[in-house]
1. Looking at region B:99-120, can you tell me whether even one residue there is touching an Asp or Glu at 6+ places or on another chain (Cβ under 6 Å) and of a type in the set (Ser, Thr, Tyr)?
2. Of everything in region B:187-210 that's surrounded by 19 or more Cβ atoms within 10 Å (Cβ to Cβ) and more than 23 Å from residue B:10 (Cα to Cα), which residue is nearest to the other protein chains (Cβ to nearest Cβ)?
3. State which residue is surrounded by the fewest Cβ atoms within 10 Å (Cβ to Cβ) when the search covers only region A:34-54 and only residues that are closer than 14 Å to residue B:202 by Cβ, more than 7 Å from chain B (Cβ to nearest Cβ) and not hydroxyl-bearing (Ser, Thr, Tyr).
4. Scan (1) modelled with pLDDT under 90; (2) within 30 Å of residue A:26 (Cβ to Cβ); (3) of a type outside the set (Asp, Glu); (4) part of a helix (DSSP H, G or I) for the single condition residue B:71 breaks and write down its number.
5. Do the conditions hold for residue B:151, that is, is it away from chain A (no Cβ under 14 Å) and modelled with pLDDT of 90 or more?
6. Looking at (1) loosely packed, with under 15 Cβ neighbours inside 10 Å; (2) under 17 Å from the mean Cα position of the chain (by Cα); (3) not in a helix (DSSP H, G or I), which is the only condition residue A:19 fails?
7. Within the set of pairs 6+ apart or on separate chains, which have a first residue in region B:211-234 that is at the interface with chain A (Cβ under 9 Å from one of its Cβ atoms) and assigned to a helix (DSSP H, G or I), a second that is among the small types (Gly, Ala, Ser) and surrounded by 13 or more Cβ atoms within 10 Å (Cβ to Cβ), and C-beta atoms under 7 Å apart?
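The values are calculated or read from the model by the stated rules, or taken from the named source; none is laboratory data. None of the values given here were measured: they were computed from a predicted structure. Counting neighbours? That spans all protein chains shown, and the Cβs are built from the backbone with ideal geometry, glycine included.
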Amino acid sequence: MAGAVIGFFRFWYEFIVGDDWTVAAGVIVALAVTYLLAHRAVPAWWIMPLAVGTVLLSSLRRAARHAR
Amino acid sequence: MLMHSILLVLATFLASAVEMVEALTIVLAVGVTRGWRPALVGVGTAVVVLAAVVAVFGPALTYIPIDALRLVVGVLLLVFGLQWLRKAVLRAAGYVPLHDEDAAFRRETAAARTAATTLRAGLDWYGFTLSFKGVLLEGLEVAFIVVTFGSTEGNLPLAILGAAVAVVLVAGTGVLIHRPLSTVPENAMKFAVGLMLTTFGTFWSAEGAGVNWPAGDGAIPAILAFLIVVSLAFTSLLRQQRQRMPATPSIGNGGQ
């Protein structure tokens, strides 16, 4: 039973998050910062696009480094 | 709104087409080696399961308040879309091998020829499960995109239409030419899907977190354009880096 539950969560983790968890972590952190700024009436629209570009670049560089 | 609808159909169509090309390779391999009955029963069963997933979760999501829905779905689409985009960039730059349908077909047929035959419910069980799992696993990503994208846009039927047209087109072509669709530009399609999922994920998640986009919906093409430029720049950068490296093995061939 425990094995099935672990297998279920592992499947969905791999399905959504995939092989680089830092991408998901980066997105969550950026979203938290966006939420905090947006709810203090500070323009926060630029944070997510910038964060997405940064997270993507850092993940790609890590993957490329592994290939060396 | 019209642009939203076009992008919605395009995203589900491309995602469905590219996943069905991969599923078709498996089904053809099963059909040729183990017979068409287990292959087609496997396809039919997987399609019923996928339709049930969409029928249950699609309408259920519409009961969630729109801001919460956009936040949750935005994050899921963003993380999921970045996976597609990341792998498409790595493939385009030469770090991950391109998906080769002919090689996959040869691999699947060789494995299917050597597998033992066990009859269950009057079916060759190996052929049935291989076909069922192939279509189900490839189709699950499409169902995920259809359900999340369609319900957040408030237009599930349009999302289903985009995916269904692709299924009919790929299956019809497969029936006609009777071999894997190896000339389909799979990575370019995956690149496009990754860009669209990431764009909408960025837009919705930020909106769900309380952001007011400067140009409202007009921010979507701006985000898309930004991501296209950034992704192409990263691809070019990695490709140059790859060319300077001595010959090394690729990272893998992982999904998406």
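1. yes
2. For region B:187-210, the residue satisfying everything is B:209.
3. A:50
4. Failed condition: (1).
5. Against the criterion (away from chain A (no Cβ under 14 Å) and modelled with pLDDT of 90 or more), residue B:151 does not qualify.
6. Among (1) loosely packed, with under 15 Cβ neighbours inside 10 Å; (2) under 17 Å from the mean Cα position of the chain (by Cα); (3) not in a helix (DSSP H, G or I), the lone unmet condition for residue A:19 is (1).
7. As it stands, the answer is B:230/A:53, since those pairs meet every condition given.
Per-residue answers, yes or no, for (1) over 26 Å from residue B:91 (Cβ atoms); (2) in contact with a Lys or Arg (Cβ under 8 Å, 6 or more places away or on another chain):
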| position | (1), (2) |
| --- | --- |
| B:126 | yes, yes |
| B:129 | yes, no |
| B:165 | no, no |
| B:170 | no, no |
| B:183 | no, no |
| B:196 | no, no |
